[in-house]
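What follows draws every value from the coordinates through simple rules; no lab data is involved. Keep in mind the model is a prediction, meaning the values are calculated, not measured. No Cβ is skipped: glycine too gets one built from the backbone with ideal geometry, and neighbour counts run over all protein chains shown.
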Amino acid sequence: MTLSKKETRIKNKLSTTEQTLHSEIGDYIMQMFASPNEETSIEKQIDEMVNDFSEEFLITKNANTNVDIDLIIRKFYESKIPTHPTDFESYFQYLGDKVVADSIHTSSPQFIGHMTSALPSFVRPLAKLMTAINQNAVKIETAKALSFCEREALAMMHRQIYSLSDNFYSQHIQNNQSTLGILTSGGTTANITALWCARNKSLGAKNEFLGIEKEGLTAALNFYGYKGAVIIGSELMHFSFDKAADLMGISTKNLIRVQVDSNNRVDIQALRQTVADCREQNLHIIAIVGIAGTTDSGSVDPLEDIAEIAQENNVHFHVDAAWGGPVIFSRKHRHKLAGIEKADSVTIDGHKQLYLPMGIGMIFFRDPYLASSIEKQASYTMRKGSFDLGKRALEGSRPGMALFLHAGLKLIGLRGYEFLIDEGIRKTQYMAARISMMPEFELLAEPDTNLLIYRYIPEQFREIATKNKLTSIDNQIISDFNERLQKMQRQNGRTFISRTTKNIDFYKNNPIVAMRAVIANPLTTEEDIEAVLNDQIQIASEISIPIN
Ligand SMILES: *Cc1c(COP(=O)(O)O)cnc(C)c1O
């Protein structure tokens, strides 16, 4: 390319020092791209620093640092990109001090309040490999073997859920017309994808109508003669369903949340009634959602009963098993998920109970052709008949996260995952038993899986609490107390339990505050559980109660 006169003039005006600096920067940047075996390798030096940070981070027992959020925010107020490259040593030192130091120790055995926990050691070197090969799973031209590796891993999970025949799997596992599952960035995208498929299938092309995909929601409702469209599930549906209802144009108002029973499972009578009411009002039901492991309390809906209702009404049955799905690995506990194999689609998160790093969700389909309802093409790629994974997916470019899923299934195996699930449930039952024995606490529901909700009862309420005679005002005081307790515990940072709310029958419109424990970290022992409860008792002794 030749330079215009103006450009030449500008170029000549650049001082020689600037030109030298420019080439120095060029040399430095090119060094960043150097292959790792070169003498000058920055990579090796950074690797050492990163290894040191990681090691120290991973052995820290405390759940958190007790640094105020306000202080942390103040460290991140720079809105200008540096003009020149930053020296990597000082930058990584800065990362260590400013980010790593105040990150949450999600792998701490006494951090038992969220669905994020310790990871098996093989994922850390595997993450390096994934970045080294930098495949883009959107299409074959940027992810050759990985695309088939991903399909294989998804088929293994599909088989664990649906247990169809050898024949079925050999026919569909590597058939470009079939989609047994889709790898997504998480449960949210998986749920959205499932409902998108259900919507497009149920309002598809017919006679002169080209289908909702081409004509839109209004035209689809008009053509089929519906007054509106709804999605039905329990009131404990994850908020990703609100996002799905919003995106699909049916509005969050038409995400119908049916009440749950005292064990947080959807009330089947009420569900049946809601379905009947919707049909009577001429509302199209896109899907009925069953939850296998609510985010709130780990409860599992009666999936068999929901499957029956869906079948009777010829409606798509989706199971959100983002959290609880891996319970299918346990011969002892998988009966709790009975009926999941009747689902048209199932969401499972890899980054929760498959112990894989953040960024792995999955959706599985009973009908391997259902995902054709969302298929898209592009002229430069994603051609019809290709193996390009991006043509039947919400996401475009995405990393080779399949490597983790594949490795987890192979390296941990059925018995390994069974062990992890059984241990989590066993320790949760231990914690539930301890809570029931301790006068300081009240168990708020029998755990279905490995989530536990309970609360602290201040001393003056213990006697009336055991007699079930707490008034609304008492409950309000206890709720305020628990909220303060949880916040102080989080601030102290030694241990961690999260917080949620729970409706109780006589007090329906004013839910009570509950402590929420998630016992999934294999490193958590009975002693750790004791330590967390004792930490709460210790903190509670420092809280005073307003005299009413
Ligand atoms: C975590 C969770 C989700 C959302 O998954 P993300 O991976 O956070 O997007 C959906 N449903 C349930 C039941 C969950 O536990």
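Below are the figures for this structure:
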item	result
Label zone at PHE209, where the point sits 7 Å out along the Cα-to-Cβ direction: region 236-254 residues whose backbone N lies under 20 Å	248-251, 254
Cβ-Cβ FRET estimate between ALA378 and THR142, R0 fixed at 22 Å, reported to 0.05	0.95
Segment SER103-GLN460, length gained on full extension (0.36 nm per residue, minus Cα span)	124.8 nm
Ranked list, fewest to most other Cβ atoms within 10 Å of each Cβ, for ASP27, ASP388, ASP367	ASP27, ASP367, ASP388
Extreme residue, positive dipole direction of the chain, given options ILE504, GLN491, SER397 (C-beta unit charges)	SER397
Region 473-522: translational diffusion in µm²/s, Stokes-Einstein, Kirkwood Rh over Cα pairs, 4 °C, 1.567 mPa s	109
Cut-off under 5 Å, modelled amide H: who pairs with HIS284 long-range	LYS227, GLY228, ALA229, VAL230
Per residue, the convex hull volume that the Cα atoms of region 136-412 enclose (Å³)	129
Sequence-separation-based contact order of region 216-339, relative, with Cα cut under 8 Å and 6+ spacing, percent	24
Cα centre as origin, Lys/Arg/Asp/Glu Cβ charges: region 196-247 dipole, Debye	140
Cα gyration tensor, region 189-229 - rounded (a/c under 1.5), prolate or oblate	prolate
Helix-only mean residue ellipticity at 222 nm for the chain, each DSSP H run of n ≥ 4 adding -39500 (n - 2.57), per residue, nearest 500	-13500 deg cm²/dmol
Kyte-Doolittle at least 0.0, axis length at least 20 Å by Cα - qualifying DSSP helices, the chain	402-437
Total charge dipole magnitude, region 367-429, about the Cα centre, Cβ charges on Lys, Arg, Asp, Glu only, Debye to nearest 20	200
Cβ-placed point charges (K, R +1; D, E -1), dipole of the chain about Cα centre in debye, nearest 20	1460
Pairs beyond 19 Å (Cα-Cα), from LYS227/LYS376; LYS139/LYS391; LYS144/LYS384	LYS227/LYS376
Note, ³J(HN,Hα) from phi for region 355-369, Karplus 6.51, -1.76, 1.60, rounded to Hz, x at Gly and Pro	6, 10, x, 3, x, 10, x, 8, 10, 10, 10, 5, 8, x, 9
Listed residue (THR525, VAL275, ASN482) projecting farthest to the positive dipole end of the chain, Cβ model	VAL275
Gain on full stretching of the segment that runs from GLU48 to GLU526 - 0.36 nm per residue minus C-alpha separation	168.6 nm
Contact order normalised by residue count of region 136-412, Cα under 8 Å, 6+ apart, percent	27
Cross-link partners of LYS487 among lysines (Cα-Cα below 22 Å; sequence separation of 8 or more within a chain)	LYS61, LYS502
Relative contact order computed over the chain (Cα-Cα under 8 Å; 6+ residues apart), in percent	18
Positive-pole candidate from SER240, SER202, ALA220, dipole of region 190-305, charges at beta carbon	ALA220
